[in-house]
Amino acid sequence: MEKLDIRNKADIDTNLPLISIIGRPNAGKSTLFNRLIGKRRAITDPTPGVTRDPIPERWLLGNNPVTLVDSGGVKLDKDGIDFAVTDKSLSLLDISTAIIFLMDCTEVTAEDMMLVERLRPYTDKVVLAVNKIDDFNREDLVWNFFSYGYQRVVGISAAHGLGIEELEDTLLGMLDLERQEDEPEEPESIKLAILGKPNTGKSTLMNLLTGRDISIVSPIAGTTRDVMRGTFVYKGTDYTVLDTAGIRRKSKVEEDVEYYSVNRAIKTIEDADVVLLMVDINEGITEQDKKIADLIVRRGKGVIIVLNKMDLLSGIPNEIEAIKDRVRFLFPVLSFAPLMAISALKGIDIGKLLDMVWSVWRQLNKRIDTSVVNNALKEWTKDNEPPRGAEGHYKVLYGTQVSAAPVRFLFFVNRVHAFPEAYISYLKNMIRRDFGFSYIPVEISLRERKRNPSLNDNGPNKTERQIQSVMKASTGRKKSGAKGTSNKPGGAARRGKARERAENIVRNSKQKKGRR
């Protein structure tokens, strides 16, 4: 494995107080987690065991930054994925500053009783939150839970927000914190999302980058459900990496939970700066990969095609280059995107991948001055003029960059209707070539230039007055033309020819003056 300049940061920021939510499946942990942080970060569903990996999130407790962690449901089973989930959840106990032990007021199970005893050594930092106190008739049920010997017991309804303020006040007291008036700034970092089909190595790469087993790695498709978040530092820059559920075709998504997982993964594109589209190098590009790529491009995000599992190749000379050429051929929508071959399992070429992430991020955040855009536009239109349409030549008058990340340019033209797509593609290619946007999607919008209405209010301009004067002199009549001419057959054609002759006379006159 190559030596990387990565400083692994804990998946959970140990510089901040850490509050973990612990409980059996279906106690309402994810509902409480979403309620406290104020957004739907964790998937909630009646199906037991939906949350598998611990989900950390920065939470402002009375405007004091802390780390809140939603854990997987603790079960008595010691087999398969349930054991891994339970083991990960219980590993939070030693590193937590405070623990929210969540129980359901309507039912106490053997798993609850196991946790009651398991948490005894941590009594000083435990608050027992009795959930689902949804109405006044259930308030008396809270008293039954004082018998378990914990000094802090709070009745809440995570679903309806009842008792949440009391829970927050209890936590503030445990952490010796006071409510603050001002909200602190959130630290900046490059957000990196890992997307792709199931079992392409997303979680393996996530764990390699963060240096911790943040995501449970399993050959079972759909192991990762929530969007997992971790952090690391590479060459002095902070990164936040998001591992998502594998995105399968709709026809393959059978569980409601997986449906929410896939949708959450797609929405992660919005939160990311750069997306790593993971592809199994042995399987190659699939139609599902193309659909994911289309979503990324439409949102203007940076994207790198990552061909994973290069360590499994046969070793034939130029095999990787042949695979890359085939991907380029089958993947025209991402013709601009960098293509990197790695092995997440063996740690091969991970440094090159991260260097490319940095390059893509720099391009996404680059801005070009309007004067530079327009000077370049003159050269582009000089080298390759816009084509002629039914109403005459199309013209690109001037342009400007209107945003970065995503990179968007606005060009003003004489006519938007049926503006040639080929010329828009030409402008995109020139922007990428001359402005250094070679690795990212570039969007171009067109707007038709509107003339200032006040010009008409002030009457015809100098050229128009000269044309009208020539027309009047040639006909011996006023500008309005001869009486009844408009009603005679061919009258419009005669007026058009008269105007054309007058325009030629005025134009030739100006050219002669210009030569003097």
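The values are calculated or read from the model by the stated rules, or taken from the named source; none is laboratory data. What you are looking at is a predicted structure, and each value in this text was computed from that prediction instead of being measured. FYI the Cβ positions are ideal-geometry reconstructions off the backbone, even for glycines, and counts take in every protein chain you see. When the accessible area is computed, the model is the full protein with side chains, heavy atoms only, and any ligands, DNA or RNA have been set aside. Shrake-Rupley method; radii C 1.70, N 1.55, O 1.52, S 1.80 Å.
The table for this structure:
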| quantity | calculated |
| --- | --- |
| Cβ pairs under 9 Å, 6+ apart, first in the stretch 148-159 and farther than 15 Å from Ala27 by Cβ, second among the acidic types (Asp, Glu) and not in a loop (DSSP other than H, G, I, E, B) | Gln151/Asp124 |
| Some residue of the stretch 455-468 being closer than 30 Å to Val372 by Cα and modelled with pLDDT under 95 | yes |
| Residues of the stretch 341-367 satisfying the condition of being farther than 19 Å from Ala272 by Cα, among the hydrophobic types (A, V, I, L, M, F, W, C) and open to solvent by 30 Å² or more (accessible area, probe 1.4 Å) | Leu345, Ile348 |
| Complete set of residues in the stretch 91-114 that are within 27 Å of Asn15 (Cα to Cα) and crowded, with 16+ Cβ neighbours inside 10 Å | Leu92, Leu93, Ser96, Thr97, Ala98, Ile99, Ile100, Phe101, Leu102 |
| Single condition Phe437 does not satisfy, out of (1) at pLDDT 95 or above; (2) over 33 Å from the mean Cα position of the chain (by Cα) | (2) |
| Verdict on Thr86 being among the polar types (S, T, N, Q), open to solvent by less than 80 Å² (accessible area, probe 1.4 Å) and without any contact (Cβ under 8 Å) to a residue 24 or more places away in the chain | yes |
| Members of the stretch 202-222 found to be open to solvent by 10 Å² or more (accessible area, probe 1.4 Å) and either within 18 Å of Ser89 (Cβ to Cβ) or modelled with pLDDT under 80 (or both), listed by number | Ser203, Asn207, Arg212, Asp213, Ile216, Val217, Ser218, Pro219, Ile220, Ala221, Gly222 |
| Residue list for the stretch 230-256, restricted to those being at pLDDT 85 or above and assigned to a loop (DSSP other than H, G, I, E, B) | Lys235, Gly236 |
| Test: residue in the stretch 325-333 that is in a loop (DSSP other than H, G, I, E, B) and in contact (Cβ under 8 Å) with a residue 60 or more places away in the chain | no |
| Residue, surrounded by the most Cβ atoms within 10 Å (Cβ to Cβ), within the stretch 162-195, restricted to residues that are closer than 30 Å to Lys291 by Cβ and not aliphatic (A, V, I, L, M) | Lys191 |
| Identity of the residue in the stretch 282-335, under 22 Å from the mean Cα position of the chain (by Cα), farther than 21 Å from Thr268 by Cα and open to solvent by 40 Å² or more (accessible area, probe 1.4 Å), that ends up modelled with the highest pLDDT | Ser335 |
| Of all residues making up the stretch 379-402, the number that are among the hydrophobic types (A, V, I, L, M, F, W, C) and in a helix (DSSP H, G or I) | 1 |
